[in-house]
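The values are calculated or read from the model by the stated rules, or taken from the named source; none is laboratory data. Here the structure is a predicted model, which is why all the values come from computation and not from measurement. Cβ atoms come from the backbone with ideal geometry, glycine included; neighbour counts cover every protein chain shown.
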Amino acid sequence: MFLNPRLKSHDLLFYDALEKRSELTKQENRRHAATLKGFEGECLYDEIFNDVGHGDVLVYRDLYIKIGESVTQYDALVIDDEGIAVNEIKNYTGDYKVEGGDWYRAGRRISEDPVAQLNRAVGKLIGLRNAANSSFRVSGKLIFPSDDFYLHTDDNSLWSKIVVRSDLRRYFRQFRGGKIGNKSQFIVRLLSEHIAENPYFKSDVDETRLRKGVYCEQCSSYNLLKTRFHFTCTECQSKMTNETLLLRALSDYKYLFYGKPMTRVSFMNFIGHSLTFKVVYRILLKHCYVDRKGKKTTYTFKYRNFEEAISKAELYFKYKDHLKG
DNA sequence: AGTACCGTGTCAATATGGAG
DNA sequence: CTCCATATTGACACGGTACT
């Protein structure tokens with residue numbers, strides 16, 4: 001049973017927004033692609049786990065756990081009465097080689113050490129367990145969900161630490177018949193008491209490089225015609241409500257200037273004054289928490305991101321989007 | 001006190017979506 | 001298709017706050 005949803009990371013949402021509003025540098029493009037690939041690997045993991053079934057275990061996904069002064073990120077934690085299995089998901093593709101403990105791809109040493117990462121993640125949980133004077137088991141596996149991943153190694157002990165795609169279903173099936181009782185409840189409570197926010201994520205882009213305005217949901221074009229209630233894209237003829245495009249802009253703003261308070265003036269500037277202040281103001285009241293400070297009133301987007309905002313069932317929009325294609 | 005914003009309210013007009 | 005209810009808009013107005 002999945003305990004929480006799999007969500008795009010802050011980094012991915014940041015690059016998604018930045019890509020829509022500026023030219024990415026080569027390095028940003030690489031970071032974006034790597035982040036997206038990682039997320040796709042996690043989704044693939046979820047998909048296969050769903051298919052095999054996870055009714056006999058509890059699964060946490062994308063968790064940041066604060067232990068002592070440090071925060072550790074976990075892609076997936078599989079919990080039953082036996083203990084916790086840490087699954088570190090690596091969406092590697094292509095030929096990899098491990099020699100003398102070092103990882104190579106296409107002959108080049110890669111920048112991360114998956115085994116060390118896994119050991120560190122497992123060690124942190126063992127520390128948490130010991131501090132709680134408990135006795136459950138903490139194990140760990142490196143999961144490679146891509147069917148295009150090949151590993152060659154001189155170290156046969158490595159295979160016990162990894163699960164490749166062809167073994168993944170069998171690995172998940174091992175969790176069948178697991179018990180979810182008091183011990184599991186204890187572990188979940190222990191973990192939930194230490195859940196933290198992503199402490200590494202900071203963003204503060206140079207405003208001048210950003211394209212101001214609102215853009216088409218369908219094709220990302222900024223060439224939009226304003227009509228009452230809607231914008232119509234001149235490229236793909238999609239028709240979108242003011243509210244949809246403003247929610248997208250609010251979501252972009254949140255991740256491009258993460259943690260920085262947003263004023264109405266700065267947001268109006270962000271969208272290039274493509275709508276009148278009153279329309280924007282009403283949207284802000286509807287979708288933001290308002291911190292009234294006289295002239296310096298700030299607004300905080302209520303939702304995690306755009307997708308969450310439009311999926312909220314309690315929201316009702318009279319006017320609809322008409323996306324083409 | 002004066003100024004420049006910012007926030008809030010009212011209300012007629014109307015494009016839209018859905019019902020008939 | 002036509003018609004109707006109404007959510008949203010835009011104009012106009014007013015009160016409040018921060019700063020000089």
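Here is a yes/no grid of residues against (1) more than 27 Å from the chain's Cα centre (by Cα); (2) closer than 30 Å to A:N130 by Cβ; (3) modelled with pLDDT of 90 or more; (4) not basic (K, R):
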{"residue": "A:H152", "(1), (2), (3), (4)": "yes, no, yes, yes"}
{"residue": "A:Q185", "(1), (2), (3), (4)": "no, yes, yes, yes"}
{"residue": "A:A196", "(1), (2), (3), (4)": "no, yes, yes, yes"}
{"residue": "A:L210", "(1), (2), (3), (4)": "no, no, yes, yes"}
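Go through A:F257, A:F231, A:F267 for me and flag whichever is assigned by TED's automatic domain parsing to the domain that holds A:N305, touching a strand residue (DSSP E or B) at 6+ places or on another chain (Cβ under 8 Å), within 18 Å of A:T208 (Cα to Cα) and not acidic (D, E).
A:F267
Considering only residues of segment A:95-114 that are more than 16 Å from A:F149 (Cβ to Cβ) and charged (D, E, K, R), which is surrounded by the most Cβ atoms within 10 Å (Cβ to Cβ)? Walk me through how you get there before you give the answer.
Here is the first cut: in segment A:95-114, the ones more than 16 Å from A:F149 (Cβ to Cβ) are A:99-102, A:107-109, A:111, A:113.
If we keep only those that are charged (D, E, K, R) too, we end up with A:99, A:102, A:108-109, A:113.
Values: A:E99: 12, A:D102: 10, A:R108: 8, A:R109: 10, A:D113: 15.
For segment A:95-114, the residue satisfying everything is A:D113.
How about segment A:69-111: which of its residues are touching a Gly at 6+ places or on another chain (Cβ under 7 Å) and polar (S, T, N, Q)?
Of everything in segment A:69-111, just one residue is touching a Gly at 6+ places or on another chain (Cβ under 7 Å) and polar (S, T, N, Q), namely A:N91.
Which count do you get for residues in segment A:135-168 that are among the small types (G, A, S) and without any contact (Cβ under 8 Å) to a residue 12 or more places away in the chain? Steps first, answer last, please.
First, pick out the residues of segment A:135-168 that are among the small types (G, A, S): A:135, A:139-140, A:146, A:157, A:160, A:166.
Filter again for without any contact (Cβ under 8 Å) to a residue 12 or more places away in the chain, leaving A:135, A:157, A:160.
Qualifying residue count, segment A:135-168: 3.
How about segment A:197-245: which of its residues are in contact with a Cys (Cβ under 9 Å, 6 or more places away or on another chain), among the aromatic types (F, W, Y) and within 16 Å of DNA strand C (Cβ to nearest atom)?
Across segment A:197-245, the qualifying residue is only A:F231.
From the residues in segment A:283-315 that are more than 14 Å from DNA strand B (Cβ to nearest atom) and charged (D, E, K, R), which one is modelled with the lowest pLDDT? Walk me through it before giving the result.
Within segment A:283-315, the first condition is being more than 14 Å from DNA strand B (Cβ to nearest atom), and the residues that meet it are A:301-314.
Still in the running and charged (D, E, K, R): A:302, A:304, A:307-308, A:312, A:314.
Values: A:K302: 92, A:R304: 94, A:E307: 92, A:E308: 92, A:K312: 80, A:E314: 68.
Out of the qualifying residues, it is A:E314.
Among the residues of segment A:36-60, which ones are touching a Lys or Arg at 6+ places or on another chain (Cβ under 9 Å), over 17 Å from A:A85 (Cβ atoms) and not aliphatic (A, V, I, L, M)?
A:G38, A:F39, A:G41, A:C43, A:D51
Against the condition out of contact with any Pro (no Cβ under 7 Å at 6 or more places or on another chain), closer than 21 Å to A:T232 by Cα and touching a residue at least 40 places away in the same chain (Cβ under 8 Å), how does A:K278 come out, does it pass? Let's see the steps before the verdict.
Details: out of contact with any Pro (no Cβ under 7 Å at 6 or more places or on another chain): yes; closer than 21 Å to A:T232 by Cα: yes; touching a residue at least 40 places away in the same chain (Cβ under 8 Å): no.
Here the answer is no, as A:K278 does not meet what is asked.
Please go through segment A:280-308 and pick out each residue that is more than 8 Å from DNA strand C (Cβ to nearest atom) and buried (at least 18 other Cβ atoms within 10 Å of the Cβ).
Selection gives A:V280, A:L284, A:H287, A:C288, A:Y299, A:F301, A:Y303, A:N305, A:F306.
For segment A:233-247: of the residues being surrounded by fewer than 16 Cβ atoms within 10 Å (Cβ to Cβ) and free of Cβ contacts under 8 Å to residues at least 40 places away in the same chain, which is nearest to DNA strand B (Cβ to nearest atom)?
Among those that are surrounded by fewer than 16 Cβ atoms within 10 Å (Cβ to Cβ) and free of Cβ contacts under 8 Å to residues at least 40 places away in the same chain, it is A:T234.
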